[in-house]
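Worksheet for the structure shown next.
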Amino acid sequence: MLSAIRGILVHIDENTAELDVGGVTFEVNVPSTLFVNRPETGSELQLYTYLSVREDDLSLFGFQTREERSLFKMLITVSGIGPKGALQVLSTLRPNDLIAAILSEDAKSIARAPGIGQKTAQKVVLELRDKVSGMPVSDLSSVSGTQKAVAYAENDTKHDVILALTELGFSGSEAYKAVAQLPDDLDASRMLNLALKSIAR
């Protein structure tokens, strides 16, 4: 299994990176977030990879972290999401935001990804919530760490407040950040009011 690839970046666009590895150039499908944080052409780049094998196609997908690749693998297990669709989800939502959206049942944010409808987004939430709840992800600064995200999912009051915030139109990551510093022993009404004040700042 091709687990990772390291080489010299010779070209990059929104969803493709070309790496020169010992004189052989590999075309790798990547999330557009890599293009936004664009590494310089000529620099060395390592990507954690997934090789998609189909009857008439071999496609290589690459990610900056193992955790991002793990999320990609989870996404393609959901009915209706292929490798290209999973890449669109990870191009729309960074790993921390995707986990926040899944744990807060924020299907609306997931459905923003091109080609991912509301029903498919709801499947992502239903089928992956248990899988991501204990997942160690390195890029979780906006939700104050995986352990806090898991705690929110397990705390009924905080979970209810997060759901209420997403129903009001806030994203899953905004909802998690809003309840990050709130005490666990507040009632739902007080917690919601403080969360709204936090978002409004």
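The numbers here are math on the coordinates, done by the rules we state, and not lab data. The structure displayed is predicted, hence computed values, not measured ones. Glycine gets a Cβ as well: all are built from the backbone with ideal geometry, and neighbour counts include every protein chain shown.
At a glance:
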item	result
Within straight-line cross-link reach of residue 123, aspartates and glutamates at Cα separation under 16 Å, skipping those fewer than 8 residues along the same chain	105, 106
MRE, 222 nm, helices only [DSSP H, n ≥ 4, -39500 (n - 2.57), over the chain, to nearest 500]	-13500 deg cm²/dmol
Positive-end extreme of charge dipole, the chain - chosen from 11, 100, 34 (charges on Cβ)	100
Compactness of the range 1-108 as Cα Rg over 2.2 N^0.38 Å, two decimals	1.08
Expected-Rg normalisation [2.2 N^0.38 Å, Cα atoms] applied to the range 4-64	1.05
Percent RCO, i.e. relative contact order, over the range 1-44, from Cα pairs under 8 Å lying at least 6 residues apart	39 percent
Given 158/197; 131/197; 84/108; 84/119; 73/158, the pairs whose alpha carbons are separated by over 25 Å	131/197; 73/158
At 1.567 mPa s and 4 °C, Stokes diffusion of the range 59-100 via Kirkwood alpha-carbon radius, µm² per second	126 µm²/s
Against the rule of thumb 2.2 N^0.38 Å, how large the Cα Rg of the chain comes out	1.11
